[in-house]
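None of the figures in this text is laboratory data; all of them are computed from the coordinates on show. Because the structure is predicted, anything quoted here is derived from the model rather than measured. All Cβ positions, even for glycine, are placed from backbone atoms using ideal geometry, and neighbour counts span all protein chains on display.
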Amino acid sequence: MCLGIPGKIIEIYQINNMQMGKIDFGGVVREVCLEYVPDAKLGDYALIHVGFALNILSEHEAQETLDLLKQVSMSEEPVDDIFG
Amino acid sequence: MKHIEEYRDSHLVQGVIAEIRRMTTRRWVIMEICGGQTHAIMRYGLDQLLPAEIELVHGPGCPVCVTSLELVDKAIAIASSPDVIFTSYGDMLRVPGSRQDLFSVRANGGDVRVVYSPLDALETAKQNPAKQVVFLAIGFETTAPANGMSVLQAQKQGIHNFSVLVSHVRVPPAMHAILGAPHNRIQGFLAAGHVCAVMGYWEYLPISRQYHVPMVVTGFEPLDIAQGILMTVRQLEQGSARVENGYTRLVTKEGNQSAQAVIDRVFESCDQKWRGIGVIPHSGWRLKPEFSAFDAETRFDISEIKTDEPPVCIAGLILQGLKKPYECPAFGTQCTPITPLGATMVSSEGACAAYYRYRRD
Amino acid sequence: MKTITPPLDGPVCPLPLTHHDQIVLGHGSGGKMTHDLIAKVFRPPLSNPALDAGDDAAVVQVCNVAPNQAPLRLAVSTDSHVVWPLFFAGGDIGRLAVCGTVNDLAMMGAKPLYLTAGFVIEEGLDIAVLQQVVTSMQAAAQEARVQIVAGDTKVVQKGKADKLFINTSGIGSINTDIHINGSNAQPGDIVIVSGTLGDHGIAVLEARGELGFETNIQSDVAPLNHLVEAILSVSHQIHVLRDPTRGGLATSLNEIAAQSQVGILLEENQIPVHPTTAAACEMLGFDPLYVANEGKLIAIVGPDDAQVVLDAMRATLYGAGAAIIGEVGSHHPGRVLLKTAIGGTRIVDVLAGEMLPRIC
């Protein structure tokens with residue numbers, strides 16, 4: 001129900017008193033509305049859905065999850081206490 | 001693409017699935033609530049790789065599929081009016097109304113335009129002051145902040161030739177409807193990650209408790225979905241029923257406060273008819289009275305449209321997860337993506353379309 | 001608070017069949033709706049073996065005056081170009097018009113020789129624009145080494161044509177030992193594509209400006225007859241050639257699978273897509289397998305020659321990115337399957353109608 005993909009914020013500016021920005025999705029650049037991510041900084045990755053940034057992606061959480069999943073996929077025994 | 005490719009890693013996905021296999025000791029029925037997740041599962045063939053004991057059931061998480069027939073007819077009526085530019089997200093254009101779809105309106109000379117963002121529709125209104133620009137504002141909670149902002153901005157900037165035709169649906173009441181239904185088979189839920197990015201997942205805690213059903217907030221890439229299934233199966237095997245977050249890079253329990261604030265400002269709760277399911281109380285959002293000037297239902301005089309619904313299409317049972325698309329007598333014969341009988345075949349996210357496109361055997 | 005759940009009404013199907021008694025945009029998308037239109041409206045009254053074969057160009061024979069000479073085999077094709085906007089990154093309607101027909105002929109193994117060009121021009125078009133288009137056609141024709149030998153011009157009132165429509169028809173000659181057409185694929189054959197997919201479709205969409213995105217993607221529009229000549233010179237095992245234009249790779253492979261009554265299995269990881277094209281498709285919810293190409297071809301080749309054909313392709317200007325993407329089998333005749341990046345298998349269907357950006 002929600003086609004949203006992460007893109008990198010490469011510009012931030014105001015239009016009509018709205019916080020807007022340019023997002024780079026791996027070489028595709030589009031203007032999006034940043035009103036819902038007031039703390040956004042250049043270089044942050046945000047989830048973009050229908051031209052709006054809905055959340056800033058946490059690189060820390062992303063890395064933690066990937067590390068955990070790597071552990072899971074390498075282990076031979078059931079890993080019971082992953083994800084806390 | 002960063003933060004996407006990593007979650008399509010074949011080795012990691014297979015590794016997580018192996019873990020699911022090790023952990024599964026009996027049959028479990030899990031529903032993924034979101035059309036985007038259904039699409040990913042079918043498109044990657046993820047369900048084929050899971051152990052046979054895990055049955056994935058596809059929920060009504062496709063806003064295109066569940067938009068009521070009456071609303072589609074209203075959209076078509078408005079789009080057919082003179083001096084109207086009708087704007088919409090792309091996937092709504094092929095949804096059949098009682099007699100035609102928005103594509104046919106265009107074929108008959110109507111000005112129907114696809115937009116990527118509601119702000120583009122607003123811009124169209126600014127550039128065409130002599131026309132009425134109407135935006136078909138559908139979606140789940142994920143899309144409400146965007147749709148809501150277009151109304152707020154129209155009010156702020158005084159764009160009076162802009163109006164919205166609203167049909168918003170909410171996940172929690174749908175979960176209640178599914179879990180509370182007499183023949184419910186669902187034992188665990190993969191909650192929709194992007195809905196939760198906006199709303200958080202605090203709304204699911206009482207539902208999980210009431211029905212004793214584990215729920216895991218899940219993303220959309222194959223690795224995310226495998227992870228969500230793993231976490232759900234782990235709870236099921238342990239007999240627990242909690243809400244867990246499997247999409248921590250984008251979801252927090254509280255959700256996005258500024259987005260929720262705009263939703264509260266612009267919309268209020270209402271009963272909503274879900275195509276193929278019926279009316280679910282308090283499951284929709286409509287514009288608050290203070291924004292009625294921008295409500296297309298008020299601006300265009302559209303009376304209640306009654307429709308007869310043929311019995312062949314079992315979209316209802318499919319949307320409730322009670323039947324699979326291939327169990328429908330019309331699947332692939334009378335009902336195909338070109339000649340859809342129901343919305344689940346029209347929408348590229350609908351379960352029937354996904355099965356037709358990816359898994360016709 | 002006790003939550004009252006509603007009684008669920010059971011199955012309610014929303015709708016009777018939508019009959020399209022009129023043409024809608026989907027009929028022009030190159031997918032199933034187009035095929036159905038051709039089958040229901042065009043083929044019945046016009047049917048003949050050359051037309052019914054359903055390939056990129058028709059193969060016809062002309063019997064020579066001298067009785068003991070083998071009949072001359074010709075490929076004949078026609079194509080209309082209505083692209084909007086007229087100019088886009090990497091190309092324009094003129095280049096498209098020439099390359100489109102050159103490629104259709106080349107896909108039969110023909111040497112393209114002569115083209116015609118018919119112009120339907122909307123009143124008010126700048127002559128400078130027309131000149132630019134014609135210059136581009138001249139350059140493309142020179143590159144392809146074909147001649148435009150006949151033409152026609154019509155002007156229609158403002159609003160009756162989208163600035164400019166061009167129709168090109170072409171003739172090419174086919175050597176007696178060449179038999180390349182969509183019904184020739186055989187189990188065991190290897191499927192090769194000449195380069196990255198989806199670039200043209202995305203470049204045109206971007207040029208339209210309606211979806212508001214910017215990239216550095218260029219249309220791949222190019223004449224492929226020299227590439228075809230190069231591979232024909234190293235192999236007699238080239239069974240099928242097709243250029244995946246509207247409807248993309250997926251639609252073309254489905255056509256071939258149906259014509260040859262074979263199954264085709266693709267490897268997702270092997271299919272070349274430019275990362276930026278892939279990103280644009282992600283953003284819009286498109287599948288690159290369905291996006292149009294105007295400078296790529298599919299070659300279905302006997303297994304023993306697959307490597308030499310691949311090498312020959314990669315040595316040409318437009319085949320540098322060539323890759324083996326799958327194989328032909330006897331299971332699932334008429335069906336195209338894909339082994340996904342994570343190891344599952346799914347069907348690759350034809351495009352249904354218009355491809356729409358989605359929010360789901």
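Which of C:Leu253, C:Gly212, C:Thr168 sits farthest toward the positive end of the charge dipole of the stretch C:159-292, with +1 on the Cβ of Lys and Arg and -1 on the Cβ of Asp and Glu? The listed residue farthest towards the positive side: C:Thr168. Take the Cβ atoms of C:Lys160 and B:Ala293, set R0 to 35 Å, and the FRET efficiency comes out at 0.35.
Of the GluC sites (Glu not before Pro) found in the stretch B:176-266, those in coil by DSSP whose Cβ has at most 13 other Cβ atoms within 10 Å are B:Glu254. Summing charges over all other residues whose Cβ lies under 11 Å from the Cβ of C:Gly100, with Lys and Arg as +1 and Asp and Glu as -1, gives -3. Here the peptides C:323-334, C:249-260 are ranked by packing, the mean other Cβ count within 10 Å, and the order with the highest first is C:249-260, C:323-334.
Inter-chain Cβ neighbour count for B:8-18, averaged per residue, equals 5 (cutoff 10 Å, partner chain atoms only).
By how many nm would the segment from B:Lys2 to B:Glu53 lengthen if fully extended, with 0.36 nm per residue of separation less the alpha-carbon distance? Mind showing how you got there, number by number?
Values: separation 51, 0.36 × 51 = 18.36 nm, distance 3.37 nm.
Taking B:Lys2 through B:Glu53 to full extension adds about 15.0 nm, to one decimal.
By definition, a body whose alpha carbon gyration tensor gives a ≥ b ≥ c is prolate when a/c is 1.5 or more and a/b is larger than b/c, and chain A fits this prolate description. When B:Tyr204, A:Tyr36, B:Tyr116 are sorted by how many other C-beta atoms sit within 10 angstrom of their C-beta, beginning with the fewest, the order is B:Tyr116, B:Tyr204, A:Tyr36. Just how many % of Cα pairs in the stretch B:56-129 lie over 19 Å apart, if you round to the nearest whole percent? Percentage above 19 Å: 38.
Tell me, how many Å apart are the Cα centres for the stretch B:140-163 and for the stretch C:72-129? Centre-to-centre (Cα) distance: 44 Å. Peptide A:29-37 has a mean of 6 when you count, residue by residue, the C-beta atoms of other protein chains within 10 Å of its C-beta.
Starting from the eigenvalues of the Cα gyration tensor, five times each then square-rooted, give me the equivalent ellipsoid semi-axes of chain C, largest first, whole Å.
Working from the Cα gyration tensor, I get semi-axes of 34, 28, 22 Å.
Rounded to the nearest 0.05, what FRET efficiency is calculated for C:Val149 and C:Asp36 with R0 set to 35 Å and r the Cβ-Cβ distance?
0.50
For B:Lys156, the aspartates and glutamates whose Cα comes closer than 15 Å to its Cα, not counting residues fewer than 8 places off in the same chain, are A:Glu35, B:Glu123, B:Glu290. Going from the residue with the fewest nearby Cβ atoms within 10 Å to the one with the most, B:Asp9, C:Asp162 rank C:Asp162, B:Asp9. Within the shell of other residues whose beta carbon sits under 12 angstrom from the beta carbon of B:Val243, the net charge comes to +1, with Lys and Arg scored +1 and Asp and Glu -1. Within a straight-line Cα-Cα reach of under 17 Å, C:Lys32 can be paired with the following lysines, leaving aside sequence neighbours fewer than 8 residues apart in one chain: C:Lys40. Placing +1 on the Cβ of every Lys and Arg and -1 on the Cβ of every Asp and Glu, with nothing else charged, gives the stretch C:234-342 a dipole about its Cα centre of roughly 140 debye.
Using a cutoff of 8 angstrom between alpha carbon atoms and counting only pairs six or more residues apart, the relative contact order for the stretch C:44-174 works out to 35 percent. Strictly greater than 24 Å: what percent of every Cα pair in the stretch C:190-347 meets that? The answer is 32 percent, as a whole percent.
Once you have a ≥ b ≥ c as the square roots of the Cα gyration tensor eigenvalues for the stretch B:259-302, tell me rounded if a/c is under 1.5, and otherwise prolate or oblate according to whether a/b is larger than b/c.
oblate
So which trypsin sites (Lys or Arg not before Pro) in the stretch C:124-216 are both in a DSSP loop and have at most 13 other Cβ atoms within 10 Å of their Cβ?
C:Arg145, C:Lys158, C:Lys160
Partner shielding of A:65-74 amounts to 6, given as the average count of beta-carbon atoms from other chains within 10 Å of each residue beta-carbon. Extension gain for C:Glu229-C:Trp84 works out to 49.1 nm (0.36 nm per residue, less the C-alpha to C-alpha distance). Measuring r between the beta carbons of A:Leu66 and B:Arg242 and using R0 = 22 Å, the FRET efficiency lands at 0.45. Considering only alpha-carbon pairs that sit under 8 angstrom and 6 or more positions apart, the relative contact order computed for chain C is 21 percent.
Listed by chain and number, the lysines whose C-alpha is less than 26 Å from the C-alpha of A:Lys70, apart from same-chain residues fewer than 8 away, are A:Lys8, B:Lys2, B:Lys253, C:Lys339.
Multiplying the residue separation of C:Asn68 and C:Leu317 by 0.36 nm and subtracting their alpha-carbon distance yields 85.6 nm.
Looking at the stretch B:9-74, which trypsin sites (Lys or Arg not before Pro) are in a loop (DSSP not H, G, I, E or B) and have at most 10 other Cβ atoms within 10 Å?
Here the sparse-neighbourhood loop sites are B:Arg26.
Quick check: from the Cα gyration tensor, does the stretch C:61-209 come out rounded (a/c under 1.5), prolate or oblate? Oblate, since a/c reaches 1.5 and b/c is not below a/b.
Positive contributions from Lys and Arg (+1) and negative ones from Asp and Glu (-1), summed over other residues with Cβ under 13 Å from the Cβ of C:Glu229, come out at +2. Building the convex hull from the alpha-carbon atoms of the protein assembly as shown and averaging its projection over directions returns 34.8 nm². Among B:Phe103, B:Phe220, A:Phe52, the ranking by other beta carbons within 10 Å of each residue's beta carbon, starting with the fewest, stands as B:Phe103, B:Phe220, A:Phe52. Once you reduce the stretch B:50-126 and the stretch C:214-290 to the center of their Cα atoms, the two points are 31 Å from each other.
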